[in-house]
Amino acid sequence: MPSISKKGLAMPQSPIRKLVPFAEEAKKKGINVLHLNIGQPDIRTPQVALDAVKNNTIEVLAYSRTEGSDTYRTKIAAYYAKNDIHVDANEIIVTTGGSEALSFAIGSIADTDDEIIIPEPFYANYNGFSTALGVNVVPITSNLENNFALPPIEEFEKRITSKTKAILVCNPGNPTGYLYTTEEIKKLALLVKKYDIFLIADEVYREFTYDGIEHYSILQEEGLNSNAIVIDSVSKRYSMCGARIGCLVTRNKEVISTAIKFAQARLSPPTYAQIASEAALETPQKYFDDVIKEYVVRRDILIEELEKIEGVKVARPKGAFYCIAELPITDADDFAQWLLEDFRVNNETVMVAPAAGFYATPGFGKNQIRIAYVLEKESLKRAVNILKEALKSYIS
């Protein structure tokens with residue numbers, strides 16, 4: 001039989017999606033599964049975006065420009081300007097989701113066996129993209145005890161070698177919900193300039209910040225034009241995960257010209273999705289104000305209820321809509337599968353994401369889960385109650 005590539009064999013499974021078959025089996029049995037495993041908001045997509053697709057008069061669904069349409073990129077630049085981020089349309093490449101933007105970024109700056117330093121736990125697909133591109137992830141562990149704040153900058157410096165090409169952060173963080181402070185971003189900026197490497201920031205959750213704290217983008221940091229690469233997406237901002245539209249943003253002209261070659265190889269981003277995403281930029285501020293209020297309420301309910309459960313520790317998110325919870329168990333993968341196969345309360349169970357898949361260090365996160373608080377309040381309360389009752393019954 002022909003053999004599978006080593007790269008293919010090394011590709012990690014998604015901790016978010018690998019339990020889907022068990023959830024589907026539960027649903028076939030008539031069990032209601034409450035999904036805390038995936039960042040799919042239940043917030044309505046802005047009507048202006050949906051109407052732009054419904055009411056368009058396209059007769060030929062043609063390719064768009066490789067880098068995205070001129071009008072859309074110009075409007076993205078205007079959106080950034082409102083957020084005190086000043087870039088030109090030609091410093092933006094529209095991509096098929098933030099995932100493709102990250103893939104283009106890594107492919108543009110790193111060769112086989114080069115290294116990217118990432119604070120862990122991190123978005124699980126960072127492992128997947130790095131493996132697919134032959135790049136090695138060098139993790140630095142952050143801790144639940146201090147809400148997964150940026151590890152000491154000295155720890156980053158210790159890990160920089162001749163193979164280091166970038167430091168990658170997610171801000172606000174998936175899966176932790178941590179929002180990096182301006183001071184933390186400035187420390188990273190000084191470090192990447194010192195060693196002449198890149199700072200990549202996944203900023204797709206920029207709008208989702210709480211407790212009066214504002215997001216500080218690496219593109220707001222002076223003197224970082226050659227080093228800063230931002231990954232962005234409409235998926236969570238406008239509850240448009242299915243649109244699969246993101247962008248890569250950098251003032252580094254060499255990175256842009258290189259990433260465009262990767263983009264040319266996939267031809268163009270989807271036309272209808274760009275139409276919807278361009279229209280979404282007209283979404284009124286009230287939409288975001290209401291969404292933030294809703295997520296703050298959900299976060300507070302989730303944290304309050306989790307803290308009532310004996311043996312559970314949880315970090316308090318300052319952004320995004322995720323948190324990491326440490327459970328009094330030894331194997332979250334087994335627990336998560338058991339929830340779907342064998343446990344229910346009033347014919348309901350819950351699906352969570354085991355956190356080990358968000359770490360690069362073997363054995364880390366085995367007793368942790370990531371929770372996405374994307375359910376309405378009553379469903380969220382029921383889900384946490386199911387977790388509480390399950391922990392009473394589960395034998396690890």
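Just so it is clear, none of the values below were taken in a lab; they were calculated from the coordinates. Owing to the predicted nature of the structure, the values given are computational and were not obtained by experimental measurement. Here the Cβ positions follow ideal geometry from the backbone for every residue, glycine too, while neighbour counts run over all protein chains shown.
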Links exceeding 30 Å between C-alpha atoms in this model, out of K236/K381; K261/K366; K29/K392; K28/K286, come to K261/K366; K28/K286
To the nearest 0.05, the calculated FRET efficiency linking D300 and T182 through their beta-carbon distance, R0 being 22 Å, is 0.35
To the nearest 0.05, the calculated FRET efficiency linking F364 and E310 through their beta-carbon distance, R0 being 30 Å, is 0.80
Counting sequence-distant residues (5 or more places) and residues on other chains, those with an amide H built under 5 Å from that of G68 are V94
If exposed means GluC sites (Glu not before Pro) lying in a DSSP loop and surrounded by at most 14 other beta carbons within 10 Å, then the longest stretch of the chain lacking such sites spans residues 60-213
Here the stretch 2-12 yields Karplus 3J(HN,Hα) values (6.51, -1.76, 1.60; θ = phi - 60°; whole Hz; Gly and Pro given as x) of x, 8, 7, 5, 4, 4, x, 5, 7, 4, x
Loop-resident trypsin sites (Lys or Arg not before Pro) in the stretch 216-299 with no more than 15 other Cβ atoms inside 10 Å, DSSP not H/G/I/E/B, are R266
Per GNM of the chain with C-alpha springs under 10 angstrom, the most fluctuating residue out of Y373, Y238, Y80 is Y80
Extension length gain for V53 and T271 (0.36 nm per residue less Cα distance), in nm, is 77.5 nm
If the chain between L9 and I31 were fully extended at 0.36 nm per residue, the gain over the current Cα-Cα distance would be 4.5 nm
Karplus ³J(HN,Hα) for the stretch 224-237 (6.51 cos²θ - 1.76 cosθ + 1.60, θ = phi - 60°; Hz, whole; x = Gly/Pro) runs 10, 4, 7, 9, 8, 10, 10, 9, 9, 6, 8, 3, 8, 4
Once normalised by the length of the chain, the mean sequence separation of its alpha carbon contacts under 8 Å that are 6 or more apart gives a contact order in percent of 26 percent
Under a Gaussian network model of the chain whose springs join Cα atoms within less than 10 Å, the largest fluctuation of Y79, Y359, Y123 belongs to Y79
Taking R0 as 41 Å and r as the Cβ-Cβ distance between T161 and V60, the FRET efficiency 1/(1 + (r/R0)^6), rounded to the nearest 0.05, comes to 0.20
